[in-house]
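Each remark here refers to the structure printed beneath this line.
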Amino acid sequence: MIETAAIFAFVCFALGLVMNLWKVVTAEDVADRILALDTMFINAIALLVLYGLALGSDIFFEAAMIIAMLGFVSTVAYARFILRGNIIE
C-alpha cells in the first residue's frame, strides 16, 4: 500500500512540476513567473525527498536542503530586482 501511495505522490509532484514549467514559459507578468519558479523549487524538493525515502538514502535529503536554500535566495533576489532594479546595494 505504501508503494502505491509513493507512486501516486511521485506522479502528482511531477505533474505539478510540469504545470509550473508551463506557467513559467507562458506567464505574462514577471511576478507570476517568479512565483511559478518558486513553486517549481518546492516540487523539486518534494520529489527529492520522496526519492530519498524510496531508496532509503540520506544524501537526497541533503540535496533537498541545498535546493531549498538556493530556491529561497533566488526568490528573494528576483523579488528585490523587480522592486528596486538592483540586487546588491
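Here, each number is a calculation from the coordinates, and none is a lab measurement. In this text the structure is predicted, and so the values were computed from the model without any measurement.
At the listed q of 0.16 Å⁻¹, the Debye profile of the range 2-84, built from one uniform point per Cα, gives log10 I(q)/I(0) equal to -0.66. On C-alpha positions alone, give me the angle between the axis of helix 59-84 and the longest principal axis of the chain, in degrees, nearest 10. Around 20 degrees separate the two axes. Against the main long axis of the alpha-carbon atoms of the chain, helix 2-26 sits at an angle near 20°. Note on the chain: GNM, Cα springs under 10 Å; of Ala68, Ala27, Ala14, the largest mean-square fluctuation is that of Ala27.
Using helices alone, I'd like the mean residue ellipticity at 222 nm for the chain: each DSSP H run of four-plus residues gives -39500 (n - 2.57), total over residue count, nearest 500. Provide the component values of the computation, followed by the final result.
On the way: 3 runs with 77 residues, N = 89.
The helix contribution divided over the chain gives -31000 deg cm²/dmol.
Relative to the longest principal axis of the Cα atoms of the chain, the long axis of helix 30-55 makes an angle of roughly 20 degrees.
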